[in-house]
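Before any comments, here is the structure.
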Amino acid sequence: MYEEPYRWVEAVGNRRQYLDAQFAQGSPVVGVACEQGILLMTMSKGTPKLYEIYDRLAFGGMGHPADLEKLRFTLLEMAHVEGFNRSASDVTGSRLVKYGIAPVVKQAFEEVFKAPFIVKIMLAELSQKVGKDGFLTITYDGVFEEKSRYAVLAASASVEQRMVEYLRPQSCVSLKDAVDLAIHTWAVGDRAQRHTDDTGGDPKDAKGSSDQLVTDSPTLMTHVRQCMQEKSIECALLDRHVAGTSKYRTLGAGELETLLPKDLSSALT
């Protein structure tokens, strides 16, 4: 009888190790706020990872596509029911996460005899005022965080910390600034993930002598160009300048070509 709690703790620990390993090959997600709105960026092999949830809410994620779709649909349904029954202003990212999917994800993680959600989710929320935009991130165990200015998703907390350390001192005003910063930050995270994977998954080994190389712009752009041979850049914008209630739009190849550095824009064609 007294062994049961310890068995549960051990099972949860094993589950956490299993889930951490599932994100090793995933593509990081970067969210950056600028004057024009909020940019979400990742790279994908065909299955989109960025979506609209509601008028001023956008979704980004990494993990199993089926689990991401299931939770995305849950968020969509909650948002539209809330908007219909109450008002559009009552549909907030905080409400959807705290009272919606966070408890569901937490319960699935702790029920060790059922399959957990293999997901990490970012929810971006565009404010009416510049500088008040926000992000919420939620991990596979239901833990969520509220952030401003920027947010990231990556395979591990150590990789996310490295991306944040790169982001923190940077300034971002225009959409072009946001795209450039997001691309560089994604490369920092993806390189760190691959280095961690190559060293056997030990985050400490990933903080070796390659730190300076990881933040070197030419090296980062070379890494992105190499990735573009197999993946495509995916960008979505919550654009405060768009007329109408829905502020979400994707950045097509033509627009990206004008926003990306020249050496990357040429790779789009």
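Determine the gain in length on full extension of the stretch S217-V104; use 0.36 nm per residue of separation and subtract their C-alpha separation, reporting nm with one decimal.
Fully extending the segment from S217 to V104 adds 36.6 nm.
For the stretch 21-95, the average shadow cast by the Cα convex hull is 6.0 nm², which is a quarter of the hull's surface.
Averaged per residue, what accessible area in Å² does the chain show with a 1.4 Å probe, protein chains only? List each step's numbers first, then the result.
Numbers: 13480 Å² over 269 residues.
Per residue, the chain has 50 Å² of solvent-accessible surface.
With the simple model of a label 7 Å out from the Cα in the direction of the Cβ, E230 to K129 spans 4.6 nm. Entry note, the chain: relative contact order of 25 percent, from Cα contacts under 8 Å with a spacing of 6+ residues.
In this structure D67 has an accessible area near 30 Å², from a 1.4 Å probe over the protein heavy atoms.
The slack in the chain from E77 to K147, taken as 0.36 nm per residue of separation less the alpha-carbon distance, amounts to 22.8 nm. Grouping the Cα pair distances of the chain into 5 Å bins from zero gives a pair-distance distribution of 1, 6, 13, 17, 18, 17, 13, 8, 4, 2, 1, 0, 0, 0 percent in increasing distance order.
Around the Cα centre of the stretch 1-62, unit charges on the Cβ atoms of Lys, Arg, Asp and Glu (plus for the first two, minus for the last two) sum to a dipole of about 200 debye.
Over the stretch 124-164, the ratio between the Cα radius of gyration and 2.2 N^0.38 Å evaluates to 1.27. Simple rule: put +1 on each Lys or Arg Cβ and -1 on each Asp or Glu Cβ in the chain, find the dipole, and look at V91, V104, G63; the Cα lying farthest toward the positive end is V91.
Taking the accessible area of the stretch 68-113, probe 1.4 Å, and keeping the other protein chains in place, the carbon and sulfur fraction comes to 57%. Only DSSP H runs of four or more residues enter the estimate; each adds -39500 (n - 2.57), and after division by the residues of the chain the mean residue ellipticity at 222 nm equals -13500 deg cm²/dmol. Measuring how big the stretch 38-171 is from its alpha-carbon positions, Rg and Dmax come out at 14.8, 46 Å.
For the stretch 54-124, the Kirkwood radius over C-alpha pairs fed into Stokes-Einstein at 20 °C and 1.002 mPa s yields D = 169 µm² per second.
Can you tell me the mean projection area, over all orientations, of the convex hull of the stretch 95-181's alpha carbons? Units nm², please.
On the way: hull surface 26.3 nm².
Projected area, direction-averaged: 6.6 nm².
Given their separation in residues at 0.36 nm each and the Cα-Cα distance between them, E257 and R95 gain 54.7 nm when the chain is fully extended. Give the residues of the stretch 3-44 whose amide nitrogen is closer than 16 Å to a point set 7 Å from the Cα of E111 in the direction of its Cβ. Answer for the stretch 3-44: 12. Heavy-atom accessible surface of H241, to the nearest 10 Å², is about 130 Å², with a 1.4 Å probe and all protein chains retained.
The values are calculated or read from the model by the stated rules, or taken from the named source; none is laboratory data. Please read all numbers here as calculations on a predicted model, not as lab measurements. We place every Cβ from the backbone using ideal geometry, glycine too, and count neighbours over all the protein chains shown. The protein model used for the area step is the full one, side chains on, heavy atoms only, and it has no ligands, DNA or RNA in it. Shrake-Rupley method; radii C 1.70, N 1.55, O 1.52, S 1.80 Å.
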